[in-house]
Amino acid sequence: MHMIERWATVATATGLIDDDGSTKPSIFSEMSALAADTGAANLGQGFPDEDGPLWIREAAVAAMLDSQNQYPPVRGVPALRQAIADHQRRHYGLSFDPNSEILVTAGATEALTAAILAFASAGDEVLTLEPFYDSHAAAIAMSGATHTTAPLRPTESGFRLDAATFRAAVSTRTKLILVNTPHNPTGTVLTREELSVIAEEAARVDAIVITDEVYEHLTFEGATHIPFATLPEMQSRTLTISSSGKTFSLTGWKIGWVCGPAPLIEAVLAIKQFLTFSGGAPLQPAVARALTEGDNDVRELRASLDERRVMLIEGLTKAGFDTVRPEGTYFVCADATPFLDGEVGDGGAFARWLPEHIGVACVPISAFCRPGSPAAHALRNWVRFTFVKDEATLRTACERLLQLTRA
Ligand code: PMP
Ligand code: GLN
């Protein structure tokens, strides 16, 4: 395929091309820019406005001053691979060989893209839940495979997977199933029953399962994150992906990892070594220490996020939104239907109107859906707010949102 055509395929699949052919920023960059221009409280792009623990940052500074500034090994520094192996065993009872079954990557994003490029190509189908995180769709488009989806639907008990619809979306061409739990943007933590349906289907069509577990430690209300690889007989077909960004509020460090059976890791490595080769030399030993000694910091982050989650849900409810309570991540999805009219006719228009008129930024759920899909239609009026912002910002946002009911 000609290069320009190939780019157009990716850009169209991800909605990243404008009518004049120029590259559009991602929805997250667009909403952050709009928030900055209008002075809005930015509950759009999901990044914390407080840095991760000082001792972890000091560990990175120490490594930098200790001459750890040249290319690290392509698989990642041994201390970090060992720390990841220990983390998987301690939290989930999963065992991985740090020499052959763990790869350190440039964030979860690189792990996801390299894994998708390694195992999917034209003629294959890659199945994700819908809504889905934006980079998943982009990587699938880059691979040339067809992106198929199964919806998560809003219910009294959160956005849930419908087993029959999911099974119907799986075909013999389904080479990869991408499972994101805790799920961005819905906040769903998939239950054992839901994961079992996915496991049965993966086994039936012999698909590889790629998981995106970057919010693994950010769960609330007693919800427990279940790594897909812990389901019976699933470890042998699963690539488990996570990252230090969310767990330690270090999203700009981009230290992620992928764990799985050696032959699958070998294939991901083949791609990864020509995407970035390696990176983050002084950051890797610091993340190794964070994973080993940082459980308390993670507990504190979870408790503080839980308070902010409750505050945002209350604020949104008071302002007149219907919300779905998230059990994980740092996002709340809300139905903006009560505030729509002829001019501001759907969630996308609402999200672009809100910063200037009310002083709050959010993200439309349509950005996480395929244009024209049943999920996109069902969620066309929905938007996502993040609560990973300081209390003052959240309070300001909640007060401003009250103007919606007064308007
Ligand atoms: N997956 C999901 C579901 C995310 O929300 C994010 C964003 N932060 C990522 C992957 C990207 O992770 P990283 O920054 O480690 O590349
Ligand atoms: N994961 C973040 C979110 O969902 C965004 C990261 C990005 O801007 N690429 O808001």
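The values are calculated or read from the model by the stated rules, or taken from the named source; none is laboratory data. All of these numbers come straight from a predicted model, not from anything done at the bench. Using ideal geometry, Cβ is built from the backbone for each residue, glycine included, and neighbour counts are taken over all protein chains shown.
Residues checked against (1) of a type outside the set (S, T, N, Q); (2) closer than 15 Å to residue 107 by Cβ; (3) buried (at least 23 other Cβ atoms within 10 Å of the Cβ); (4) away from ligand 2 (no atom under 16 Å from the Cβ):
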| residue | (1), (2), (3), (4) |
| --- | --- |
| 244 | no, yes, yes, no |
| 248 | yes, yes, yes, no |
| 268 | yes, yes, yes, yes |
| 282 | yes, no, no, yes |
| 287 | yes, yes, yes, yes |
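Here is a yes/no grid of residues against (1) within 16 Å of ligand 2 (Cβ to nearest atom); (2) surrounded by 16 or more Cβ atoms within 10 Å (Cβ to Cβ):
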site	(1), (2)
344	no, yes
356	no, no
362	yes, yes
365	yes, yes
380	no, yes
386	yes, yes
399	no, no
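Restricting attention to region 176-192, and to residues there that are away from ligand 2 (no atom under 16 Å from the Cβ) and touching a strand residue (DSSP E or B) at 6+ places or on another chain (Cβ under 9 Å), which single residue is nearest to residue 229 (Cα to Cα)? If you could, list the steps in order and put the result at the bottom.
Residues of region 176-192 that are away from ligand 2 (no atom under 16 Å from the Cβ), as a first pass: 176-177, 179, 189-192.
Those left that are additionally touching a strand residue (DSSP E or B) at 6+ places or on another chain (Cβ under 9 Å): 176-177, 179, 189-191.
On the way: 176: 15, 177: 13, 179: 11, 189: 15, 190: 13, 191: 14 Å.
Restricting to residues being away from ligand 2 (no atom under 16 Å from the Cβ) and touching a strand residue (DSSP E or B) at 6+ places or on another chain (Cβ under 9 Å), the top hit is 179.
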Tell me, please, whether a residue that is of a type in the set (Val, Ile, Thr), touching a residue at least 12 places away in the same chain (Cβ under 8 Å) and touching a Gly at 6+ places or on another chain (Cβ under 9 Å) can be found in region 291-306. no
So, of the residues in region 21-39 that are more than 16 Å from ligand 1 (Cβ to nearest atom) and assigned to a helix (DSSP H, G or I), which turns out to be farthest from residue 135 (Cα to Cα)? 38
Selection count, region 18-49, where residues are of a type in the set (S, T, N, Q), more than 12 Å from residue 359 (Cα to Cα) and within 15 Å of ligand 2 (Cβ to nearest atom): 5
Tell me, which residue of region 86-134 that is of a type in the set (A, V, I, L, M, F, W, C) and assigned to a loop (DSSP other than H, G, I, E, B) is farthest from residue 144 (Cα to Cα)? 94
Filter pass, residue 74 being touching a residue at least 24 places away in the same chain (Cβ under 8 Å) and surrounded by fewer than 16 Cβ atoms within 10 Å (Cβ to Cβ): yes
Selection count, region 86-115, where residues are among the β-branched types (Val, Ile, Thr) and either in contact with a His (Cβ under 8 Å, 6 or more places away or on another chain) or within 16 Å of ligand 2 (Cβ to nearest atom) (or both): 3
Selected residue [out of contact with any helix residue (DSSP H, G or I) (no Cβ under 8 Å at 6 or more places or on another chain) and of a type in the set (Asp, Glu)] from 212, 295: 295
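A quick yes/no check of all residues on (1) within 16 Å of ligand 1 (Cβ to nearest atom); (2) surrounded by 14 or more Cβ atoms within 10 Å (Cβ to Cβ); (3) closer than 21 Å to residue 245 by Cβ; (4) aromatic (Phe, Trp, Tyr):
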| site | (1), (2), (3), (4) |
| --- | --- |
| 63 | no, yes, yes, no |
| 66 | no, no, no, no |
| 115 | yes, yes, yes, no |
| 126 | yes, yes, no, no |
Kindly indicate whether any position in region 240-258 is within 19 Å of residue 143 (Cβ to Cβ), assigned to a loop (DSSP other than H, G, I, E, B) and touching a residue at least 40 places away in the same chain (Cβ under 8 Å). no
Checking 100, 157 in turn, the sole residue that is of a type outside the set (Phe, Trp, Tyr), modelled with pLDDT under 95 and either more than 12 Å from the chain's Cα centre (by Cα) or surrounded by fewer than 23 Cβ atoms within 10 Å (Cβ to Cβ) (or both) turns out to be 157
Top-ranked residue in region 135-144 [being within 18 Å of residue 268 (Cβ to Cβ), more than 15 Å from ligand 1 (Cβ to nearest atom) and assigned to a helix (DSSP H, G or I); ranked as modelled with the highest pLDDT]: 143
Subset of region 198-239 that is assigned to a loop (DSSP other than H, G, I, E, B) and among the charged types (D, E, K, R) - its residue that is farthest from residue 387 (Cα to Cα): 206
Between 219, 211, 165, 181, which is of a type in the set (Val, Ile, Thr), over 14 Å from residue 369 (Cα atoms) and surrounded by fewer than 19 Cβ atoms within 10 Å (Cβ to Cβ)? 165
